[in-house]
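Below: the structure, in structure tokens.
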Amino acid sequence: QVQLVESGGGLVQPGGSLRLSCAASGSIDSIDAVGWHRQAPGKQRELVARITGGDTTTYADSVKGRFTISRDGARNTVYLEMNNLKPEDTAVYYCNANIRQSWSIHYTLYWGQGTQVTVSS
């Protein structure tokens, strides 16, 4: 069984920074693309940042220049560094990942349980 666990959320003042982590565990053979998404109350979930298996990154326009996605392949962990946070960044942040388990030839999409980020003074 594969698990994705997000951590690093919390309360931060506007202009502050947080680093979120998305750690994958289980019988993992390969991790392809990983994405960070967020969902604010009353809004649809949106893609914030994505990193491919080849480390190509893409970002939502609203976070470009402020957020950075990166991966530590040795630890099966993807990070989201968030700087210059704004109140509109407040949301539950989720990661998802395409993962191939050691016994399979197929990739399966997994989601984490989410971590709350609140930006407020």
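The values are calculated or read from the model by the stated rules, or taken from the named source; none is laboratory data. On a predicted model such as this, the values are computed, not experimentally measured, just so you know. In this analysis, Cβ positions are derived from the backbone assuming ideal geometry, glycine residues included, and neighbour counts consider all displayed protein chains. Only protein heavy atoms, including side chains, enter the accessible area calculation; ligands, DNA and RNA are left aside. Shrake-Rupley method; radii C 1.70, N 1.55, O 1.52, S 1.80 Å.
Of note:
- Measuring with a 1.4 angstrom probe and ignoring ligands and nucleic acids, Lys64 comes out at about 120 Å² accessible.
- On a per residue basis, the range 1-96 carries 51 Å² of accessible surface, using protein heavy atoms and a 1.4 Å probe.
- Taking Lys and Arg as +1 and Asp and Glu as -1, the other residues whose beta-carbon sits under 12 Å from that of Ile28 total 0.
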